[in-house]
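Visitor: Structure below; questions to follow.
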Amino acid sequence: MTAPVSELISTARRAVVKIGSSLLIDPQSGGPDRARFEAIGNAVAGWKARGIEMVLVSSGAVALGRRRLNLPSGKLSLDQKQAAAAAGQTALMMAWNAAMEPHAMPAAQALLTFDDMESRRRWLNARATLDALLAAGALPVINENDTVATAELRYGDNDRLAARVAQMCDADLLVLLSDVDGLYSADPARVPGAHLIARVAAITPEIEALGGEPGRAGTGTGGMASKIAAARIAARAGITTIIAAGAADDPLDRLIRGARHTVFAPETSRHSARRNWIAGAIAPRGILHLDDGAARAVAAGKSLLPAGIVRVEGQFARGETLWLSAPDGIPVAKGITAYGSDELARIAGLRSDAIEAALGYRRGVAVIHAHDLVLEAAP
């Protein structure tokens with residue numbers, strides 16, 4: 001049984017909110033709808049005040065750039081779309097900066113590509129950046145990097161990008177703000193008797209069929225089909241998805257007060273989803289031999305620091321899965337390393353505050369973060 005949406009929100013630690021172009025662009029001028037940016041900014045600040053870390057996935061760059069470059073209406077070619085994205089992204093971030101300035105929340109741009117999200121090494125880089133921005137009290141504003149993305153290697157809509165971002169940053173909630181207030185039993189514009197589906201326990205073929213054709217809206221590239229696809233990605237990662245209307249003055253707080261919406265329940269817990277992903281690595285690429293103190297710390301669910309590494313075995317890159325071995329030679333865990341084998345050979349046994357002196361840089365104090373560790377003995 002899915003908890004009431006107010007409870008889902010009040011107990012969340014981190015949320016990813018996606019808002020589409022149709023909610024941000026003034027249809028008359030083609031420029032930013034300042035009132036809409038301000039409303040979303042107020043809502044984001046309100047959730048942050050409740051103790052929820054916020055990440056925003058924002059569309060709108062291509063629509064804004066089309067106007068700035070005086071490009072024709074209708075479908076754009078790939079090079080035109082990339083040019084529009086380049087011209088519009090600055091306008092988009094200026095609008096978000098203005099919206100967040102009254103709340104002392106710096107808006108920080110993060111442009112991601114399909115490769116960034118599907119390559120484990122780039123995934124770790126992006127996650128570290130988002131964690132640092134959130135720790136600094138900023139609002140990460142994410143968009144697909146349409147300027148360099150190709151037709152073959154891109155998400156094509158920010159709904160699925162938002163789901164992957166939610167998975168990457170270990171969010172509790174994915175909120176997709178739309179021009180409709182949820183998933184209906186039929187297209188409410190065509191079927192007067194269509195009713196809102198408040199809860200979706202599982203995304204079945206019947207539920208998918210309700211999404212219709214993707215990209216039917218005139219301004220954006222998404223649609224209900226892409227939102228259902230995003231909810232499936234999130235559900236498999238143990239994340240709850242909420243679809244709600246974004247046109248109101250306070251679209252996020254309205255949810256807490258009982259506004260209409262659709263909740264897609266997760267298929268598993270976030271911990272189980274992440275554990276299964278790491279545990280599913282059939283052939284870890286190397287072994288980190290630990291001292292007794294580090295082995296006990298890992299067994300207690302703590303991160304692995306370089307000081308506890310006695311020896312590095314194998315050749316591997318950062319982002320790959322490794323065995324962690326206790327002093328008796330028995331593997332006690334698997335984990336995703338933040339450093340490659342050549343780097344670890346230079347920092348093994350060192351205190352974390354000595355990493356930068358040894359390498360000339362430091363990605364983090366931990367070699368393997370606790371979130372990237374699974375206690376599991378070798379077969």
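The values are calculated or read from the model by the stated rules, or taken from the named source; none is laboratory data. Every value quoted in this text rests on a predicted model; they were computed, and no experiment measured them. Backbone-built Cβ (ideal geometry, glycine too); neighbour counts: all protein chains shown.
Visitor: I'd like to verify a number: residues in region 291-329 that are of a type in the set (A, V, I, L, M) and not in a helix (DSSP H, G or I), how many?
Guide: Number of matching residues: 10.
Visitor: Can you confirm whether region 26-40 contains a residue that is farther than 27 Å from Arg260 by Cβ and of a type in the set (S, T, N, Q)?
Guide: yes
Visitor: Identify, please: which residue in region 330-340 is part of a loop (DSSP other than H, G, I, E, B) and of a type in the set (A, V, I, L, M, F, W, C) and is, among those, surrounded by the fewest Cβ atoms within 10 Å (Cβ to Cβ)?
Guide: Result: Ile330.
Quick grid of which residues meet (1) in the same structural domain as Arg121 (by TED's automatic domain parsing); (2) of a type outside the set (Asp, Glu); (3) more than 23 Å from Cys169 (Cβ to Cβ):
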site	(1), (2), (3)
Gly308	no, yes, yes
Thr321	no, yes, no
Ala326	no, yes, yes
Glu343	no, no, yes
Arg346	no, yes, yes
Leu350	no, yes, yes
Arg362	no, yes, no
His369	no, yes, no
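Visitor: Within region 15-32, which residues are touching a Leu at 6+ places or on another chain (Cβ under 9 Å) and surrounded by fewer than 19 Cβ atoms within 10 Å (Cβ to Cβ)?
Guide: Hits for region 15-32 are Gly30, Gly31.
Visitor: Picking from Arg67, Arg121, Arg127, which residue would you name as being in contact (Cβ under 8 Å) with a residue 24 or more places away in the chain, assigned by TED's automatic domain parsing to the domain that holds Leu173 and more than 25 Å from Ala163 (Cβ to Cβ)?
Guide: Arg67
Visitor: Based on this model, can you work out whether Ala357 counts as surrounded by fewer than 16 Cβ atoms within 10 Å (Cβ to Cβ), of a type outside the set (Asp, Glu) and outside any loop (DSSP other than H, G, I, E, B)?
Guide: For Ala357, the condition - surrounded by fewer than 16 Cβ atoms within 10 Å (Cβ to Cβ), of a type outside the set (Asp, Glu) and outside any loop (DSSP other than H, G, I, E, B) - is met.
Visitor: Something else about it: Output yes when any residue across region 3-13 is under 15 Å from Leu176 (Cα atoms) and of a type in the set (S, T, N, Q), and no when none is.
Guide: The answer is no; no qualifying residue exists.
Visitor: Would you say Ile52 is surrounded by fewer than 23 Cβ atoms within 10 Å (Cβ to Cβ), closer than 15 Å to Leu139 by Cβ and either at pLDDT 90 or above or not assigned by TED's automatic domain parsing to the domain that holds Gly137 (or both)?
Guide: yes
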